[in-house]
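**Q** Pasting in a structure now, in structure tokens, and then I'll have a few things to ask.
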Amino acid sequence: MPVTDVLVSDRAAFRADMARSARLLRAFRTEQTAPDAYYTALARDTVRQLGQYADLDGLVVADVGGGRIFHVSANGDVRQVRQLDRQPADISYIPARHLLMVPHLGLNRVSAYELRF
């Protein structure tokens, strides 16, 4: 997937403004009490930002520190599809087999999971 500095989305332009900062700060207050909601909101914000420069449709992405796996839909919606016990490293998704390959940091192990969207 090539990355470019040319906008590739017809969605509203991403704005790194004070409203975004306030939104992220409010969300951060819930990180300890509602981590799934917080990290999903953070993933959505990231997808909005990166979606201007690359087509993210169908990507599977990892929250390395939290062990969460997200799927990005064609309309830019982000949903958590898996929670891992251990921290994932650089994941790989094989769409034809619906297979997610996950190397685990510090465990010297690779796991495979079936994911269907």
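**Q** In the range 106-114, is there at least one residue being in contact with an Asp or Glu (Cβ under 7 Å, 6 or more places away or on another chain), of a type outside the set (Val, Ile, Thr) and modelled with pLDDT under 90? First the steps, then the outcome.
**A** Keep residues of the range 106-114 that are in contact with an Asp or Glu (Cβ under 7 Å, 6 or more places away or on another chain), which gives none.
Checking the range 106-114: not a single residue is in contact with an Asp or Glu (Cβ under 7 Å, 6 or more places away or on another chain), of a type outside the set (Val, Ile, Thr) and modelled with pLDDT under 90.
**Q** Moving to a separate point now. When both residues are 6+ apart or on different chains and their Cβ atoms are under 7 Å apart, which pairs have a first residue that lies in the range 80-91 and is over 13 Å from Ala112 (Cα atoms), and a second that is outside any strand (DSSP E or B) and polar (S, T, N, Q)?
**A** Gln80/Thr40
**Q** Does Leu56 count as surrounded by 16 or more Cβ atoms within 10 Å (Cβ to Cβ) and either at pLDDT 90 or above or closer than 25 Å to His104 by Cα (or both)?
**A** yes
**Q** Hey, another quick one. So, in the range 62-81, of the ones that are surrounded by 17 or more Cβ atoms within 10 Å (Cβ to Cβ) and either under 14 Å from Arg44 (Cβ atoms) or among the charged types (D, E, K, R) (or both), which residue ends up modelled with the lowest pLDDT?
**A** Among those that are surrounded by 17 or more Cβ atoms within 10 Å (Cβ to Cβ) and either under 14 Å from Arg44 (Cβ atoms) or among the charged types (D, E, K, R) (or both), it is Asp63.
**Q** Please go through (1) exposed (fewer than 14 other Cβ atoms within 10 Å of the Cβ); (2) farther than 25 Å from Asp17 by Cα; (3) free of Cβ contacts under 8 Å to residues at least 24 places away in the same chain for Pro95 and return the number of the only condition it doesn't satisfy.
**A** Looking at each condition in turn, Pro95 falls short on (3).
**Q** Quick one: which strands (runs of 3 or more DSSP E) lie wholly within the range 56-117 and hold at least 2 residues that are within 12 Å of the chain's Cα centre (by Cα)?
**A** In the range 56-117, 60-63, 68-72, 78-83 are the strands (runs of 3 or more DSSP E) which contain 2 or more residues that are within 12 Å of the chain's Cα centre (by Cα).
**Q** To continue, here is another question. Residues that are surrounded by 17 or more Cβ atoms within 10 Å (Cβ to Cβ) and within 16 Å of the chain's Cα centre (by Cα): does the range 28-37 have at least one?
**A** Here is the first cut: in the range 28-37, the ones surrounded by 17 or more Cβ atoms within 10 Å (Cβ to Cβ) are none.
Among the residues of the range 28-37, not one is surrounded by 17 or more Cβ atoms within 10 Å (Cβ to Cβ) and within 16 Å of the chain's Cα centre (by Cα), which makes the answer no.
**Q** Looking at Val47, is it at pLDDT below 85, out of contact with any His (no Cβ under 8 Å at 6 or more places or on another chain) and among the β-branched types (Val, Ile, Thr)?
**A** On the way: at pLDDT below 85: no; out of contact with any His (no Cβ under 8 Å at 6 or more places or on another chain): yes; among the β-branched types (Val, Ile, Thr): yes.
No; evaluated as a whole, the condition is false for this residue.
The values are calculated or read from the model by the stated rules, or taken from the named source; none is laboratory data. Please read all numbers here as calculations on a predicted model, not as lab measurements. With ideal geometry, Cβ positions are generated from the backbone for all residues, glycine too; neighbour counts draw on all protein chains shown.
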